[in-house]
Amino acid sequence: AQKITQTQPGMFVQEKEAVTLDCTYDTSDQSYGLFWYKQPSSGEMIFLIYQGSYDEQNATEGRYSLNFQKARKSANLVISASQLGDSAMYFCAMRELGTGNQFYFGTGTSLTVIP
Amino acid sequence: SQTIHQWPATLVQPVGSPLSLECTVEGTSNPNLYWYRQAAGRGLQLLFYSVGIGQISSEVPQNLSASRPQDRQFILSSKKLLLSDSGFYLCAWAFRGPTYNSPLHFGNGTRLTVT
């Protein structure tokens, strides 16, 4: 079974609108972390936001927030007030305490911001 | 603060030639080190990871190899490149497990074209 599932290969959003990128995960570990990365066309992988399994509040970093629903095993990234520079690939990832050296990545979502 | 250096940024090599990509990390000790490959428009494929000097775990059997001669140095090599080795190679580091709350930090990547 896939550890991380991103079901949206491509998404479009109007500039200044909000967009949600979906991520579901599969783990039996109680202790785990969820991460989102942005990869612009230049290729570098930029760490955006982190959510721990014990965190009761959703993580936020500027215009990025993570909608964490533990019972549903989902960790969706919300980008508010989209900008043209947000056009990129976005990857969801997970690290488990039990397999602490491994990172599991989803297949990514390509986001295009339309002016 | 920690930084990761990866070079070269781009590389064009003929089929059958050798390969050496190098990655170094500064500002931390005993990191986990990783090599990923990404085909155009695709997700990340873990090639190798290392939890210490001389300790290499291979995820994908192929004509690539990795070595960790020093604590913060990770090298990806091939004796004879294949066309299928073309891709975007990313080096990354993370704090060593057991942990789940520290992210992967990526280098800027090497774009390899085998002709």
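Quick look at the numbers
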| quantity | calculated |
| --- | --- |
| Residue match in region B:38-55 (condition: farther than 22 Å from A:GLY33 by Cα, more than 9 Å from chain A (Cβ to nearest Cβ), surrounded by 13 or more Cβ atoms within 10 Å (Cβ to Cβ) and not hydrophobic (A, V, I, L, M, F, W, C)) | yes |
| Residues (open to solvent by 20 Å² or more (accessible area, probe 1.4 Å) and under 15 Å from the mean Cα position of the chain (by Cα)) located in region B:4-37 | B:ILE4, B:HIS5, B:GLN6, B:TRP7, B:PRO8, B:ALA9, B:THR10, B:LEU11, B:SER20, B:GLU22, B:THR24, B:ARG37 |
| Subset tally (residues that are in a strand (DSSP E or B), open to solvent by less than 30 Å² (accessible area, probe 1.4 Å) and under 25 Å from B:THR3 (Cβ atoms)) for region A:53-78 | 0 |
| Qualifying residue in region A:106-114 (condition: away from every other protein chain (no Cβ under 14 Å), surrounded by fewer than 18 Cβ atoms within 10 Å (Cβ to Cβ) and modelled with pLDDT of 95 or more) | yes |
| Enumeration of residues in region B:79-105 that are open to solvent by 20 Å² or more (accessible area, probe 1.4 Å) and outside any loop (DSSP other than H, G, I, E, B) | B:LEU83, B:SER84, B:HIS105 |
| Check on B:VAL60, of a type in the set (Val, Ile, Thr) and closer than 22 Å to A:THR107 by Cα | yes |
| Test result for A:SER82, surrounded by 14 or more Cβ atoms within 10 Å (Cβ to Cβ), away from every other protein chain (no Cβ under 14 Å), touching an Asp or Glu at 6+ places or on another chain (Cβ under 7 Å) and at pLDDT 95 or above | yes |
| Pairs, first free of Cβ contacts under 8 Å to residues at least 24 places away in the same chain in region A:91-105, second among the β-branched types (Val, Ile, Thr) and outside any strand (DSSP E or B), C-beta under 8 Å, six or more apart | A:GLY100/B:THR99 |
| Residue that is nearest to B:ILE56 (Cα to Cα), among those in region A:86-101 that are over 17 Å from the mean Cα position of the chain (by Cα) and open to solvent by 40 Å² or more (accessible area, probe 1.4 Å) | A:ASN101 |
| Subset tally (residues that are touching a strand residue (DSSP E or B) at 6+ places or on another chain (Cβ under 6 Å), in a loop (DSSP other than H, G, I, E, B) and closer than 17 Å to A:LEU77 by Cβ) for region A:14-36 | 2 |
| Members of region B:1-29 found to be farther than 13 Å from B:LEU76 by Cα and assigned to a loop (DSSP other than H, G, I, E, B), listed by number | B:SER1, B:GLN2, B:ALA9, B:PRO14, B:VAL15, B:GLY16, B:SER17, B:GLY27, B:THR28, B:SER29 |
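Matching residues to (1) within 20 Å of A:TYR104 (Cα to Cα); (2) in contact with a Lys or Arg (Cβ under 8 Å, 6 or more places away or on another chain):
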position	(1), (2)
A:ALA1	yes, no
A:GLN14	no, no
A:GLU17	no, no
A:THR24	yes, yes
A:TYR37	yes, no
A:GLY43	yes, yes
A:LEU48	yes, yes
A:ASN76	yes, no
A:SER80	no, yes
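The values are calculated or read from the model by the stated rules, or taken from the named source; none is laboratory data. Nothing here was measured: the structure is a model prediction, and the numbers come from that model. Quick reminder, even Gly has a Cβ in these numbers, built from the backbone with ideal geometry, and neighbours come from all protein chains shown. The accessibility values were calculated without ligands, DNA or RNA, using every heavy atom of the protein model including side chains. Shrake-Rupley method; radii C 1.70, N 1.55, O 1.52, S 1.80 Å.
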